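The values are calculated or read from the model by the stated rules, or taken from the named source; none is laboratory data. All of these numbers come straight from a predicted model, not from anything done at the bench. Cβ atoms come from the backbone with ideal geometry, glycine included; neighbour counts cover every protein chain shown.
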Amino acid sequence: MNGKGVVISIHIAPTGAAPMKSVAEVRALAGKGLEGDRYFNKLGTYSNQPGSGRDITLIEVEAVEALQRDYQIELDAALFRRNIVTRAVPLNHLVGQEFQVGDAILRGTRLCEPCSHMEKLTRKGVMRGLIHRGGLRAEIVSGGTIRAGDTVVVRSLD
């Protein structure tokens, strides 16, 4: 990744079907998630599924813009149900990599492909438009505060 990316916005929801709420900052706790978010509270749609790496999700604003351009689907970034919206961060390349977002250190665990739950809460066509552009799931390695406007910096490249 050349240069630094930036956090555009932050979103949390208290439960799986609750609307995402935009916040200016959030506290990230290692192995837990974002304070006040559905997965932190084990109330997310996929909280009961085995496996880790669901502490936090990210999506590129460029993917949101591509959905608008290529599929004429215009939605607020919060409706994509990802916690962090970034700019100039190639999220697909961060699987297995550590990166810093604000004060927190994250490790990309896997791509966050779109699901039928998201499409049910938004509109038809969203899943198709976000295949391989749906963002990234990550674990929080070291907690800290994340704020809108914070930089995103890759720490390791394997």
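Against the condition modelled with pLDDT of 80 or more and closer than 22 Å to Val26 by Cβ, how does Val61 come out, does it pass? It is true that Val61 is modelled with pLDDT of 80 or more and closer than 22 Å to Val26 by Cβ. Of the numbered criteria (1) of a type outside the set (Lys, Arg); (2) modelled with pLDDT of 95 or more; (3) under 13 Å from the mean Cα position of the chain (by Cα); (4) in a loop (DSSP other than H, G, I, E, B), the one Pro114 fails is (2). Total residues in the stretch 7-46 satisfying the condition of being within 23 Å of Val153 (Cα to Cα), β-branched (Val, Ile, Thr) and assigned to a loop (DSSP other than H, G, I, E, B): the figure is 0. May I ask you to verify whether Asp103 is of a type in the set (D, E, K, R), modelled with pLDDT of 80 or more and surrounded by 16 or more Cβ atoms within 10 Å (Cβ to Cβ)? When the stated conditions are applied, Asp103 does not pass them.
Let's see how each residue does on (1) within 20 Å of Glu98 (Cα to Cα); (2) at pLDDT 90 or above; (3) in contact with an Asp or Glu (Cβ under 7 Å, 6 or more places away or on another chain):
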site: Glu25; (1), (2), (3): no, yes, no
site: Lys42; (1), (2), (3): no, no, no
site: Thr45; (1), (2), (3): no, no, no
site: Arg54; (1), (2), (3): yes, no, no
site: Asp70; (1), (2), (3): no, no, no
site: Ile73; (1), (2), (3): no, no, no
site: Phe80; (1), (2), (3): no, no, no
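Of all residues in the stretch 74-96, those that are over 19 Å from Ile12 (Cα atoms) and either among the basic types (Lys, Arg) or surrounded by fewer than 18 Cβ atoms within 10 Å (Cβ to Cβ) (or both) total 7. In the list Gly108, Gly44, Gly33, which residue meets the criterion of being surrounded by 17 or more Cβ atoms within 10 Å (Cβ to Cβ) and touching a helix residue (DSSP H, G or I) at 6+ places or on another chain (Cβ under 7 Å)? Of Gly108, Gly44, Gly33, the one residue that is surrounded by 17 or more Cβ atoms within 10 Å (Cβ to Cβ) and touching a helix residue (DSSP H, G or I) at 6+ places or on another chain (Cβ under 7 Å) is Gly108. Restricting attention to the stretch 119-158, the residues that are touching a strand residue (DSSP E or B) at 6+ places or on another chain (Cβ under 7 Å) and modelled with pLDDT of 70 or more add up to 22.
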